[in-house]
Every structure is written in structure tokens, then in C-alpha cells.
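Notes to accompany the following structure.
The values are calculated or read from the model by the stated rules, or taken from the named source; none is laboratory data. Predicted, not measured: the structure shown is a model, and the values here were computed from it. Every residue, glycine among them, receives a Cβ derived from its backbone with ideal geometry; neighbour counts consider all protein chains shown. Protein only, heavy atoms only, side chains kept; ligands, DNA and RNA dropped before computing areas. Shrake-Rupley method; radii C 1.70, N 1.55, O 1.52, S 1.80 Å.
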Amino acid sequence: WKERGNSDWSKLHEKVAIQMNDTHPTLAAPELMRILMDDEGLSWDDAWAVTKKTVAYTNHTVMPEALEKWPLDLVEELLPRHMEIIKRIDEEFIASVRAKYADMPAAELERSIGVMSILENYVSPEEKAAKAKAAKAAKKDDKKKDDKKKKESEEEKPAMVRMANLCCISGMAINGVAAIHSEIVKDFTFNDFYKLFPEKFQNKTNGVTPRRWLAFCNPQLSAVITKWVGNDKWVTDTDELRKLAEHATNPELQAEWKAAKLARKKICKDYIKKVTDIDVPIDSMFDIQVKRIHEYKRQFLNILGIIYRYKQMKAMTPEERAKCVPRVCIFGGKAYATYTQAKRIVRLINNVGSVVNNDPEIGDLLKVVFVPDYNVSLAETLIPASELSQHISTAGTEASGTSNMKFQMNGCLIIGTLDGANVEIRECVGDDNFFLFGITDPEVEPARAERAAGKFVPDARFTETLEYVRSG
């Protein structure tokens, strides 16, 4: 910015926007403040005015592990100047809240400040000194204090820096990444901030580029689309795809579409054979779930459903099995290094595959594959081959999701919950072209409360499946 001859820092926001993608780059705000004050000589007020117009915050998930909290002592040790700036931002923010909510009941005001302040469990040196003085002056009538209370007072909670709160305070805008997610951000995750700064909150639904996720990774289907649309403008203008609807019932288009899908399934089949040595039948339905391994994304629920399907097939007569649609269930994804439960889920999927894939009675009716070393390049092989994809996160937990978009644009049907971008995809493609699954976001908390109260009665099929797993 300076190299281009600019010197009026008050106009920085007219040329520069710094987007804090989740809480990982939150230090961008205090770092900009440091540069403006220490390197460029701006006053605190001027630097803060520039910063508030220049940085913005995108919340990508409401999962607690993504709303980062950093130990205050660590930040102070490694970045003392930044910590000094953060403390002052917090002090001035709290003062502004007290001024704005002067008529609010004291208890409610303290609750709101407790939720929105940047520093958590922090006691300033002045407050510590005041408390020590008060304790010394206090009468020590009861010398035999309860051991439990003494222990609790000695074990103070560590002071933390709440990065999401710093983002909300410093950002000129705060956005979620899907319509339902942005509403959750306003109504629950940052509700106090929304009441304070309603003008900051907005939605920006995530997106993926058709250039890579259709034109590049699926040339077979792309050629069919270009032929029937009449041009390749759809690559950059997806509204052009609406022209396909005019030919949807044309047998020639349907035959070419099926041939393109079959060609991609052959590529996928060959890759699976190469990396896993598992032969999958190309005339089966390819049912795929590829995404980060996490409990809320519910790969565990998917594999339990597959186990139940396998159990039902085992109980069928050969005549009944002949009526089943052959299915290849493909999983892929990585688990965080210390996420033990995710690794257990991966192990279960592989163990189920070992049983199902080697059962001569079932044969090609059901196959289970976990493709190793999942990445976006591998996704370019799996997604174009898909016919059904699973997007079944618990409603209210998936901010948006983007693989759902990639699967959809490659001619794949979705089975999904009303979560993240699934909601908008369903609105776009129509209810008849979306397999809806699971409860809605407003129903989640009552269901959890019911379970916590011991009132939840699991579906008999769920219990049956668990017992089947336990039986080995």
C-alpha cells in the first residue's frame, strides 16, 4: 500500500481488506494496531479507527475447538506488545459496554460483559492488589476454613485470550458461511455481540468453483453439459445450466449422462483396486462419504447403517437378496492426530470392510471401502464417480460444507440433514431431488435434554445393530 505511494492511513480501508478466516489469524488486528502506532506514528484512537474499518471476521464453525482460547501467560511471554494492545482493546470495550448499557440491571450487565470480554478469568494487577489489601484488613474470625473452599481459592482458573471475541470487537463485519449457520451465529454463538453490533452481522454462503470441481475434474460430464447447453459459458455462469432442464427427459441426453458417469466409475474402480486391492463392481451404486473424520459429521452413524444393512441381507433368502440394489460404500477422510475417537471410527470402518468384502454369501451386493490418504486430488477421482453422497451432520453443527456442492454439481444425489449449505441446496434442487434425513436444528437441544434426563428410548434397529457389533 505504501509502495504505491499512499500515505493517508485513514483511507487504508478503501484499498485494503484483511479477512480473518476463523480465529487462527486473529492477531492480524493487534498486529495492524502495532504497525500503525509503533511504525507509522498514529495515535491509539486513529489506529483503532483504521483497524475497525479494515479487518473483518468469518466464522467457519461453531464447534468449541474452533473458537480458540490462547493462554494469556503464553501470549504475554511471546508477544508482550501485542498482549499490551489486546488488554487495552478489552478495557476500552468493557468501558463502552458499561456506558451503552448504563440502564441495564447490574447482574445482566456483568453477565453480558463476562460473555463478550476478550480476557477470560483475568485479574488485573490493580484488582489483585485491592483484593490482597481487603483480605489483610478483613477480620479472621473463622480460622478453621473449610479445606474444600481453601483448595478452590488456591486453584484459580488460568487466564485466557478469547480470540473469537477479539475478532467480533475489532472486525468491521462478522459473517457465517451458510444461511442457517449465520442465524445460529446471531442467535446463539455471538448473541450478545449481535445485540450490541447488529449492523456487523451478515451471511456469505461458501462456494466452490465449477472450473475445478466439474470442468477440470469431470471432462466426461462437462462435454455432455456443453453439448446440450450449447456453449461452455456455464463454467463461469452457472445460470446457463438451467438450459439442461429443457432436455431432461430426452433419452439421448440421459444415455450420454449415464455413459459419462460409468466412465468416471471405471476410473474410480481402478484407483480403489490399486490402493486397497479391493474389487468393486462398477454396476453397483457408489455411495460416498468423504470429509474430515469427526463425531458431528457422523461417519459412525453411516457405518452403523451399513452394518444394519449387512445384517438384514444375511437374514434374507437368495430370492430376496436378488431384489437388493448392489451398493459400494466408500469412506475417506483424515482424523486429527490426537483425536482417538475418530481413529476408532476409522478402525471400525476398516474392520467392517474386512468382514463384508470377504463374505461369499453377500458377494458383490455390498462392499465397504476406506480409501487412504484422502486429499483434494483424490476427491477429483471419487466425487465424479458418486451417485449418492452422505452429508448427515447433526443439524446446527456444520457451518456450511463444500463437498456437498461438489457432489451435487457432478450429478450426485444427496442424503442429508437440514444443516449448513444442505438447506440452500435443497431449496435450489427441490425437495423431490434431495433425500432428507434427521431432526432439525430446533429439535436438537430438546433431544439432548431428553437423553440427559434418561428419557430417551433408542430405536430398536439401533440397539440391534450395537448388539450385532458387540457379538463380533
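Observations on the model:
- Residues that are among the hydrophobic types (A, V, I, L, M, F, W, C) and either in a loop (DSSP other than H, G, I, E, B) or under 27 Å from the mean Cα position of the chain (by Cα) (or both) were ranked within the range 28-38; the one that is surrounded by the fewest Cβ atoms within 10 Å (Cβ to Cβ) is Ala28.
- Residue among Gly207, Gly176 that alone is open to solvent by 40 Å² or more (accessible area, probe 1.4 Å), among the small types (Gly, Ala, Ser) and within 22 Å of Met20 (Cβ to Cβ): Gly207
- Within the range 232-288, the set of residues being closer than 21 Å to Ile414 by Cα and among the aliphatic types (A, V, I, L, M) comprises Leu241, Leu244, Ala245, Ala248, Ala259, Ala260, Leu262, Ala263, Ile282, Met285, Ile288.
- Scanning the range 324-338 for residues that are exposed (fewer than 12 other Cβ atoms within 10 Å of the Cβ) and either within 15 Å of Asn375 (Cβ to Cβ) or not polar (S, T, N, Q) (or both) gives Val325, Ala337.
- Test for Leu436: is it modelled with pLDDT of 95 or more and within 14 Å of Gln289 (Cβ to Cβ): no
For (1) more than 20 Å from Thr394 (Cβ to Cβ); (2) touching a strand residue (DSSP E or B) at 6+ places or on another chain (Cβ under 8 Å); (3) among the acidic types (Asp, Glu); (4) modelled with pLDDT of 95 or more, each residue gets a yes or a no:
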position: Pro281; (1), (2), (3), (4): yes, yes, no, yes
position: Phe300; (1), (2), (3), (4): no, no, no, yes
position: Leu304; (1), (2), (3), (4): no, no, no, yes
position: Arg309; (1), (2), (3), (4): yes, yes, no, yes
position: Lys314; (1), (2), (3), (4): yes, no, no, yes
position: Ala337; (1), (2), (3), (4): yes, no, no, no
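- The residue that is most open to solvent (accessible area, probe 1.4 Å), counting only those in the range 272-289 that are part of a helix (DSSP H, G or I) and either of a type in the set (Ser, Thr, Tyr) or over 16 Å from Glu387 (Cβ atoms) (or both), is Lys274.
- Residue in the range 366-389 that is at pLDDT below 95, of a type outside the set (S, T, N, Q), open to solvent by 20 Å² or more (accessible area, probe 1.4 Å) and in a loop (DSSP other than H, G, I, E, B) present: no
- If you go through the range 233-271 and keep only what is more than 25 Å from Glu380 (Cβ to Cβ) and open to solvent by 80 Å² or more (accessible area, probe 1.4 Å), you end up with Arg242, Glu246, Thr249, Pro251, Glu252.
- Residue match in the range 319-329 (condition: small (Gly, Ala, Ser) and either at pLDDT 95 or above or in a strand (DSSP E or B) (or both)): no
- Scope the range 225-248; condition of a type in the set (A, V, I, L, M) and touching a Pro at 6+ places or on another chain (Cβ under 7 Å); matching residues: Val235
- Gln341 being at pLDDT 95 or above, surrounded by 16 or more Cβ atoms within 10 Å (Cβ to Cβ), outside any loop (DSSP other than H, G, I, E, B) and of a type in the set (S, T, N, Q): no
- Here Lys243 passes the criteria (1) farther than 23 Å from Ser386 by Cβ; (2) in contact (Cβ under 8 Å) with a residue 24 or more places away in the chain except the one numbered (2).
- Qualifying positions in the range 1-27 - surrounded by 13 or more Cβ atoms within 10 Å (Cβ to Cβ), closer than 16 Å to Asn165 by Cβ and out of contact with any Ser or Thr (no Cβ under 9 Å at 6 or more places or on another chain): Thr23, Pro25, Leu27
- Residues of the range 57-79 classified as free of Cβ contacts under 8 Å to residues at least 40 places away in the same chain, open to solvent by 80 Å² or more (accessible area, probe 1.4 Å) and more than 17 Å from Asn165 (Cβ to Cβ), total: 3
- Here Ser471, Ser400 are screened, and the one residue that is out of contact with any Lys or Arg (no Cβ under 9 Å at 6 or more places or on another chain), open to solvent by less than 80 Å² (accessible area, probe 1.4 Å), among the polar types (S, T, N, Q) and modelled with pLDDT under 95 is Ser400.
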